Amino acid sequence: MSTPVPDRLIMTTTFTVEGYRIRDYLGLVRGVVVRAPTLSQGFIGGLKSIVGGQIQEFTEMCEQTRQQATAELARHAREMGADAVIGIGYDASEIGQHATEVLCYGTAVKLDRLPG
């Protein structure tokens with residue numbers, strides 16, 4: 001008999017979820033986003049790269065892209081009926097000279113709450 005699971009999708013970099021037992025492994029889930037800087041991000045970022053230091057425009061673009069890839073991963077997991085995604089990781093690679101692919105991946109699972 002299954003026990004209740006959380007209403008929200010649990011997402012973690014670990015391979016276990018405290019207080020739950022993994023009942024079923026549903027498979028790999030992923031979120032992929034390909035992004036290029038906007039004209040202003042590219043221009044301002046390019047100017048700042050000449051003098052060095054942190055380039056806030058690129059940092060913001062990267063964070064937005066990671067958030068979008070994570071949201072895509074969550075959407076994919078919900079479509080599979082997952083209660084959680086475990087072992088989440090990120091990877092990034094350049095596509096051409098001006099675009100970056102960000103991949104968020106993990107394993108979708110069904111959970112049972114442990115007694116106690």
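A short reminder: the numbers here are calculations on the coordinates, not readings from a lab. What you are looking at is a predicted structure, and each value in this text was computed from that prediction instead of being measured. So basically every Cβ, Gly included, is an ideal-geometry build from the backbone, and we count neighbours across all protein chains shown.
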Next item on the list: Would you mind counting up the charge near L9? Only other residues with Cβ under 14 Å from its Cβ, with Lys and Arg at +1 and Asp and Glu at -1.
Entry: 0
Margin query: Report D for the stretch 58-116 in µm² per second (integer): Stokes-Einstein, Kirkwood Rh on Cα pairs, 10 °C, 1.306 mPa s.
Written below: 122
Next item on the list: Place the peptides 87-98, 69-80, 20-31 in order of packing, highest mean first, counting for every residue the other Cβ atoms within 10 Å and averaging per peptide.
Entry: 69-80, 20-31, 87-98
